Amino acid sequence: MIKAIIFDFDGTIIDTETAWYVAFRDAYKEHGIDLTLEKYSECLGTSLHSFDPYTYLRTHHNIPIDLDEFRKSIQNTHTKMMESESIRPGILNLLDEAKEAGLKIGLATSSHMDWVKKFVNLLNIDDYFDCYCTADSVKNVKPDPELYHQALDRLGVKASEAIAIEDSPNGSRAAVAAGIPTIVAKNTITNQLPFSKGHHTIDSLENYTLTDLVENFIKKIG
């Protein structure tokens, strides 16, 4: 019996990831560097430990950029691009269905709380969530399963009693490693990336009800 649903944030609830990649890719082009999606994906759904796109031009290509100015420029570009973004299709209906069904709802993200709260408040969905597990509350972010273990603990459910909704390879690896039946709804960027096994992929959450996800997919995953 499913008692909880745990959402990733970036790329799952709202697609912040495509705008980040485009902003960095275009900025790199100005310096004659091709930032491939394969390279950029190293920081998707996780921390900047493996790949920091803010410093890479300087540390690996010896381009003498002003890091503060570069960071501000990228963030300004991202902010402008996000003005046209809204909650991803199907998310709001799924939140409503989960709430109506009495499921507990958690959020597990490698982002920091201030970033998450900014968009959650803008989207007016804060009241849906029973817990927030962010980079501020764990030692290891995705693909480590710690965020999902913490979410299960805070929601008071077992892994087999929850569903995880993800969009990225690192995120799905984390949820699967935590033993949670995982559904992946890829976005524009992650649709081009290779994924490991253990989850079920759907085209869009917009095409499925909560009952569909539980009855049609969880049984297959489990």
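Tabulated data for the structure shown
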read-out	value
Residue 27 vs. criteria more than 20 Å from the chain's Cα centre (by Cα), assigned to a helix (DSSP H, G or I), of a type outside the set (Asp, Glu) and over 29 Å from residue 146 (Cα atoms)	yes
Residue within segment 159-179 that is more than 27 Å from residue 50 (Cβ to Cβ) and in contact with a Lys or Arg (Cβ under 8 Å, 6 or more places away or on another chain) present	yes
Selection from segment 64-86 of residues that are more than 19 Å from residue 10 (Cα to Cα) and assigned to a loop (DSSP other than H, G, I, E, B)	64, 65, 66
Residues satisfying the stated conditions in segment 177-194, i.e. β-branched (Val, Ile, Thr) and either touching a strand residue (DSSP E or B) at 6+ places or on another chain (Cβ under 7 Å) or in a helix (DSSP H, G or I) (or both)	180, 182, 183, 184, 190
Answer from 92, 122 - the residue that is open to solvent by 10 Å² or more (accessible area, probe 1.4 Å), hydrophobic (A, V, I, L, M, F, W, C), modelled with pLDDT under 95 and not in a loop (DSSP other than H, G, I, E, B)	122
Cβ-Cβ under 7 Å pairs, at least 6 apart or on other chains, segment 111-122 side over 18 Å from residue 95 (Cα atoms), far side among the small types (Gly, Ala, Ser)	111/135; 112/135
The lone exception for residue 197 - which of (1) assigned to a loop (DSSP other than H, G, I, E, B); (2) closer than 13 Å to residue 108 by Cβ; (3) without any contact (Cβ under 8 Å) to a residue 24 or more places away in the chain it fails	(2)
Looking only at segment 126-152, and only at residues there that are open to solvent by 60 Å² or more (accessible area, probe 1.4 Å) and part of a helix (DSSP H, G or I), the one that is nearest to residue 110 (Cα to Cα)	149
Segment 22-54, residues that are hydroxyl-bearing (Ser, Thr, Tyr), over 14 Å from residue 65 (Cβ atoms) and surrounded by fewer than 20 Cβ atoms within 10 Å (Cβ to Cβ)	36, 47, 50
Some residue of segment 56-65 being open to solvent by less than 90 Å² (accessible area, probe 1.4 Å) and within 16 Å of the chain's Cα centre (by Cα)	no
Some residue of segment 39-58 being in contact (Cβ under 8 Å) with a residue 40 or more places away in the chain and of a type outside the set (Gly, Ala, Ser)	yes
Top-ranked residue of segment 174-192 - restricted to ones that are over 14 Å from the mean Cα position of the chain (by Cα) and aliphatic (A, V, I, L, M), ranked as surrounded by the fewest Cβ atoms within 10 Å (Cβ to Cβ)	177
Residues of segment 153-173 that turn out to be part of a helix (DSSP H, G or I), in contact (Cβ under 8 Å) with a residue 60 or more places away in the chain and either surrounded by 22 or more Cβ atoms within 10 Å (Cβ to Cβ) or not charged (D, E, K, R) (or both), as a count	5
Single unsatisfied condition, residue 110 versus (1) open to solvent by 70 Å² or more (accessible area, probe 1.4 Å); (2) assigned to a loop (DSSP other than H, G, I, E, B)	(1)
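The values are calculated or read from the model by the stated rules, or taken from the named source; none is laboratory data. Bear in mind that the values here come from a model prediction, so they are computed numbers and not experimental data. When we count neighbours, we look across all protein chains shown, and the Cβ atoms used for this are built from the backbone with ideal geometry, even at glycine. Accessible surface areas use protein heavy atoms only, side chains included; no ligands, DNA or RNA. Shrake-Rupley method; radii C 1.70, N 1.55, O 1.52, S 1.80 Å.
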